[in-house]
Every structure is written in C-alpha cells, then in structure tokens.
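Notes follow the structure.
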Amino acid sequence: MKLTIAGSGGSAVGKKRACPCFVLDNSRIFDLGPGALKNLRASGITFDRVSRVFISHTHADHISDLVPFLWAIQIDGRKQPLEIYGPPNFKNTFHRLLECTSTPADFFKFPLTVAEVDFGESIENITTCRTFHSIPTLAFRVSSPDNKSFCYTADTIFCPAVVKLASGVDLLLHEATFLQDQEEIAELTYHSTARMAGRAGKESGAKRLVLFHIPPPNEERDHDFRAEAKEEYRKDVVVGQDLTSIEF
C-alpha cells in the first residue's frame, strides 16, 4: 500500500500544511480540505486513476476542496465514473455545496455517484465506525488482497470504537491537533492530543503510527507531537508532512 499526503494540517491552512487530504494507492481519496487540490496537482497524482472519494464529515476543513476537485476533473475532460461516499445526510450537504457554488446540475459529464455510509457499514474491503467528534464522523479501515491494512481516524478524541477498528493495522493515520498543554481545548472540541493518538496506536497494536491535523499554531512543534505520542506508543512516530508518501 502507498499513502500520499496532500494535506496533513487541520482547522485552517497553514504555511506548511493544507487541510486533510490523503490518497491511498493513487486511487482513493480520503477528505478534501482547503489547499488539498493544489497539493494533489503538485504530487503528480493522476486524477483519472482516482475512482472513489471518501468524506469523513462535513466540517469545512475536510470538505472545502471537494467541489473544486470535481470542477478540476471535469475541466480535465474526465470520462471515467467517480463515486463519492460520505456520512449520513451527506447527500443533502453535497447538493447544498453545488447550489452555493452555482454549479449547474448537469455540469459534470462523467458518471457521478454520491452515496451515504452508515456507521459500521462496509463497502467491499473498507469498514467503518463512528468516531467521537463534535458532529457525525466516519473512520475508515481499508484491507488489501495482500493482507495489508490502513486506518484513517478522521477527527476524534480518544475513541474505543476507533481503536477496535484499527486493531492490528499496518498503518494508523490518527488525528492529533493538540499537545498536553492544550488538553482542555482538545476535550472541548473533541480533538485528540498527540498522547491520545499514541494511546490509540498502542491499544490497537498498530504497526506504524502517523499523526495529522496539525493546526497552524502548532506547526513548529513537530518534535513535541512526536515525543508525546511516543510516550504512549513506545515506537517511532511520524508527524505527517504535505507532499510526502509512505509505503507499507
């Protein structure tokens, strides 16, 4: 499996990071936050190979580049079908986004399917659960034919359901917005600290742990994120960086 990071930040675009966007095996995109489209272009991802887009939840920092992405592939002349999946009530949000951006209903000439995924539902080799966040949010686990596995937590405070979903996973991509000296705001906003992410990595038995959702005020604290997560995880921790790839 190959994970390409198009956006490792969160909450807002920073100098170093776009908001969340990840590409798995050059064919599946998870979230499209602001700044992601530019990084997808820069990463060299071939858009025609992307067959599915998964949206974890409808906060602006995870969905703002969805419509711009659709415009981009239409302008590129896409002919291949595209499937978009989101949480319950996602269809309503999607159609409102099209209305707000004055996107004509018949603008997209390629076959486009928009579907909702209930919590705990599976889509072929992808299983899901509900995270513990401020609005309904999906976490995803992907398994490959060669027995590799990947789990994307999306946004969540420490969540036993996510730990279960990630059990024994080869790579756990876990949200970490805050540090221990910011634990109060983490609990208020239902976001994880690095230490919570480390705990999830340890309790799930994940083989590798990658952190994301680093907000602009914390962009210069990579060392702290790594150190605090490692206190729990006890293995090497990677702090995600835009325009990098990880093979596992």
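Below are the figures for this structure:
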item: Selection from segment 208-248 of residues that are among the aliphatic types (A, V, I, L, M), within 17 Å of the chain's Cα centre (by Cα) and under 20 Å from residue 163 (Cα atoms); result: 209, 210, 211, 238, 239
item: Residue in segment 137-190 that is most open to solvent (accessible area, probe 1.4 Å), counting only those that are out of contact with any strand residue (DSSP E or B) (no Cβ under 8 Å at 6 or more places or on another chain) and of a type in the set (Val, Ile, Thr); result: 189
item: Test: residue in segment 114-132 that is in a helix (DSSP H, G or I), over 18 Å from residue 207 (Cα atoms) and over 16 Å from the mean Cα position of the chain (by Cα); result: no
item: Counted residues, segment 194-227 - those being farther than 16 Å from residue 172 by Cβ, part of a helix (DSSP H, G or I) and open to solvent by 10 Å² or more (accessible area, probe 1.4 Å); result: 6
item: Test: residue 120 is in contact with an Asp or Glu (Cβ under 7 Å, 6 or more places away or on another chain) and closer than 26 Å to residue 186 by Cα; result: no
item: Residues satisfying the stated conditions in segment 64-97, i.e. open to solvent by less than 10 Å² (accessible area, probe 1.4 Å) and over 22 Å from the mean Cα position of the chain (by Cα); result: 78
item: Identity of the residue in segment 8-35, among the basic types (Lys, Arg) and open to solvent by 40 Å² or more (accessible area, probe 1.4 Å), that ends up farthest from the chain's Cα centre (by Cα); result: 15
item: Qualifying residue in segment 36-46 (condition: under 18 Å from residue 246 (Cβ atoms), open to solvent by 30 Å² or more (accessible area, probe 1.4 Å), in contact (Cβ under 8 Å) with a residue 60 or more places away in the chain and not in a loop (DSSP other than H, G, I, E, B)); result: yes
item: Segment 180-193, residues that are farther than 18 Å from residue 240 by Cα and assigned to a loop (DSSP other than H, G, I, E, B); result: 190
item: Flag if residue 95 is in a helix (DSSP H, G or I), in contact (Cβ under 8 Å) with a residue 40 or more places away in the chain and out of contact with any strand residue (DSSP E or B) (no Cβ under 8 Å at 6 or more places or on another chain); result: no
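The values are calculated or read from the model by the stated rules, or taken from the named source; none is laboratory data. These numbers come from a predicted model, not from an experiment. Every residue, glycine among them, receives a Cβ derived from its backbone with ideal geometry; neighbour counts consider all protein chains shown. Just the protein is used for accessible areas: all its heavy atoms, side chains included, with ligands, DNA and RNA removed. Shrake-Rupley method; radii C 1.70, N 1.55, O 1.52, S 1.80 Å.
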